[in-house]
Ligand code: PMP
């Protein structure tokens, strides 16, 4: 830290992203990316014409992409916001709506507490119930920024649309942000409820089900008023925050939605296969509606399993936090990747028992 850094940031503990190792090729099941490449249409769209046009600024309004997304979700373009990954939108939301504080679970996406800290937002941490379900009643009537990942990360557990609606209804004086990064793998999206509730902010991403993690593209659906707030912040920080290639890739992605729906189906099937196989090996697994599972072995500690797998070329995610240190978060890869993962787990368990 330099002596020049504002004292506001001196105590800030930055977010630690999952490992993105460059040393060797791993079976990478640690950051919830899709095992499937973007559709052929995306590869065609990011062509040499588009590259030549990199000399020009991109459209800050992302008009084509916004129109295509609005059509897909059957909402108006004034209800759609696009930004540089959904992290960017979460950042803006904490900046815009945190005056009276923010409430979120103890075990949830680790970036919420970082954004709260960054923007001086007071946090109310609401512990998950035993069994890691959301204490939904505790989120009612708070009238501060409410942030819920649905499905939650790293647990994979989802809440119903009725529960979301009850929480939104009971917080009429504040924004309720539902982070739906993983909703396409079996959850229920709340985007349609945004027509009814002007305080609901539904945030999604192209990083998981749409195979564009490296492209950095997130979107939100909400009332026109909320979208205008987010646009105001975007235009006051970095209006060109979605580059030309990503806009082209995003548009082609939306136009080939069927390809991605098919991939989601395959990932859900592979998830169920992996859960069944791990249960045979004595693992306890939380019920997941995401493209990852949260699993605990009855034979080996979370840390040991993570380290042994890494040594053998398979990366999963371990969080050394008291409540969840026995668990590991395992991204669902392709069927072939999961077979290698399972074989490697068996080898490790065989070595330890
Ligand atoms: N929300 C949750 C719950 C996540 O796990 C992630 C991925 N790390 C994000 C949001 C951010 O995703 P992105 O910025 O790639 O859209």
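The values are calculated or read from the model by the stated rules, or taken from the named source; none is laboratory data. As the structure is a prediction and not an experimental result, all values here were calculated from the model. A quick note on method: Cβ atoms are made from the backbone with ideal geometry, for glycine too, and the neighbour counts reach across all protein chains shown.
Quick one: which helices (runs of 4 or more DSSP H) lie wholly within segment 226-316 and hold at least 2 residues that are under 29 Å from residue 175 (Cα atoms) and touching a helix residue (DSSP H, G or I) at 6+ places or on another chain (Cβ under 7 Å)? Please lay out each step first, then the result.
Details: elements: 244-255, 257-280, 302-311.
Once the helices (runs of 4 or more DSSP H) in segment 226-316 are filtered for at least 2 residues that are under 29 Å from residue 175 (Cα atoms) and touching a helix residue (DSSP H, G or I) at 6+ places or on another chain (Cβ under 7 Å), what remains is 244-255.
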Among the residues of segment 307-317 satisfying the criterion of being surrounded by fewer than 22 Cβ atoms within 10 Å (Cβ to Cβ) and in contact with a strand residue (DSSP E or B) (Cβ under 8 Å, 6 or more places away or on another chain), which is farthest from residue 211 (Cα to Cα)? 313
Which residues, taken from segment 183-204, are crowded, with 24+ Cβ neighbours inside 10 Å and either within 9 Å of the ligand (Cβ to nearest atom) or at positive phi (or both)? 203, 204
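Okay, residues lined up against (1) free of Cβ contacts under 8 Å to residues at least 40 places away in the same chain; (2) within 16 Å of the ligand (Cβ to nearest atom); (3) over 20 Å from residue 217 (Cβ atoms):
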position: 77; (1), (2), (3): yes, no, no
position: 83; (1), (2), (3): no, yes, no
position: 88; (1), (2), (3): no, yes, no
position: 91; (1), (2), (3): yes, yes, no
Could you look through segment 1-41, keep only residues that are under 26 Å from residue 111 (Cβ atoms) and not in a loop (DSSP other than H, G, I, E, B), and pick out the one that is nearest to the ligand (Cβ to nearest atom)? 28
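Look through 265, 280, 343, 289 and report the one residue that is out of contact with any strand residue (DSSP E or B) (no Cβ under 9 Å at 6 or more places or on another chain), closer than 19 Å to residue 183 by Cα and free of Cβ contacts under 8 Å to residues at least 12 places away in the same chain.
Details: 280 fails: closer than 19 Å to residue 183 by Cα; 343 fails: closer than 19 Å to residue 183 by Cα; 289 fails: free of Cβ contacts under 8 Å to residues at least 12 places away in the same chain.
From the options 265, 280, 343, 289, the qualifying one is 265.
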Scan segment 7-22 and report the pairs whose first residue is closer than 18 Å to residue 112 by Cβ and whose second residue is within 14 Å of the ligand (Cβ to nearest atom) and in a loop (DSSP other than H, G, I, E, B), with Cβ atoms within less than 7 Å and a gap of 6+ or a chain change. 15/110; 18/30; 18/31
In segment 239-249, is there at least one residue being more than 16 Å from the ligand (Cβ to nearest atom), crowded, with 16+ Cβ neighbours inside 10 Å and farther than 26 Å from residue 54 by Cα? no
Just to be sure before I move on: is residue 110 away from the ligand (no atom under 16 Å from the Cβ) and either under 13 Å from the mean Cα position of the chain (by Cα) or on the phi > 0 side of the Ramachandran plot (or both) in the structure I sent? no
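Sort out for me the strands (runs of 3 or more DSSP E) sitting completely within segment 102-215 that have 1 or more residues that are modelled with pLDDT under 95 and touching a strand residue (DSSP E or B) at 6+ places or on another chain (Cβ under 8 Å). Talk me through it step by step, then tell me what you get.
Values: elements: 102-105, 123-126, 145-149, 176-179, 200-205.
Once the strands (runs of 3 or more DSSP E) in segment 102-215 are filtered for at least 1 residues that are modelled with pLDDT under 95 and touching a strand residue (DSSP E or B) at 6+ places or on another chain (Cβ under 8 Å), nothing remains.
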Identify the residue in segment 59-75 that is closer than 18 Å to residue 233 by Cα and in a loop (DSSP other than H, G, I, E, B) and, among all such residues, is nearest to the ligand (Cβ to nearest atom). 62
Just one of (1) more than 16 Å from the ligand (Cβ to nearest atom); (2) at positive phi; (3) buried (at least 24 other Cβ atoms within 10 Å of the Cβ) trips up residue 143, so point out which. (3)
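In the list 165, 195, 180, which residue meets the criterion of being over 19 Å from residue 330 (Cα atoms) and free of Cβ contacts under 8 Å to residues at least 40 places away in the same chain? So that I can check it myself, show each step before the final result.
Numbers: 195 fails: free of Cβ contacts under 8 Å to residues at least 40 places away in the same chain; 180 fails: over 19 Å from residue 330 (Cα atoms).
One residue alone meets the criteria, 165.
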